[in-house]
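First the structure, in the form of structure tokens, and then the observations on it.
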Amino acid sequence: MIYELWLEWHKYRDPLLKAMEGCHGSHTEDDVLTRLAMGEYKLWTWENSALVTFFVVYPRFKAINMFLYGGDLVELAEKQIEVERWAAKQGVTRCVAGGREGWGKMFPDYSKHAVMYYKDI
């Protein structure tokens, strides 16, 4: 299982690491691979793109965080419904994701709520 996971990760490693740059240092590649291996995160792969997701349980609902996107945006947008349907079967009632401003054009049925600011102290 670990070897197969590494092979899948490696196919999309460059775009996923590029996406990780937008995470403001919250994760390293080892952090993500460890959580994938433990089953805490899920790696979705398609022909030209990949996605890493994980669940977030809030007091009022369960969400799926579409954490890292890499590859072909058009393909990702087409596959989004597959992820949403799977998530709903897992008890998820909300999808959340971060991304660049232009992502709103690719996912017009998602609402933009706020912008995240941060300061290291």
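Cross-link partners for residue 62 among the aspartates and glutamates, with Cα-Cα distance under 18 Å and sequence neighbours closer than 8 places in the same chain left out: 40, 82, 84. For a paramagnetic label modelled on residue 81 (point 7 Å from Cα along Cα→Cβ), amide N atoms under 18 Å away belong, within region 31-55, to 46-47. Taking 16 Å as the straight-line reach from the Cα of residue 89, none of the aspartates and glutamates fall in range once those fewer than 8 positions away in the same chain are excluded. Taking 17 Å as the straight-line reach from the Cα of residue 18, the aspartates and glutamates in range (excluding those fewer than 8 positions away in the same chain) are 8, 29, 30, 31, 72, 101.
Here, each number is a calculation from the coordinates, and none is a lab measurement. All values reported here derive from a predicted model rather than from experimental measurement. All Cβ positions, even for glycine, are placed from backbone atoms using ideal geometry, and neighbour counts span all protein chains on display.
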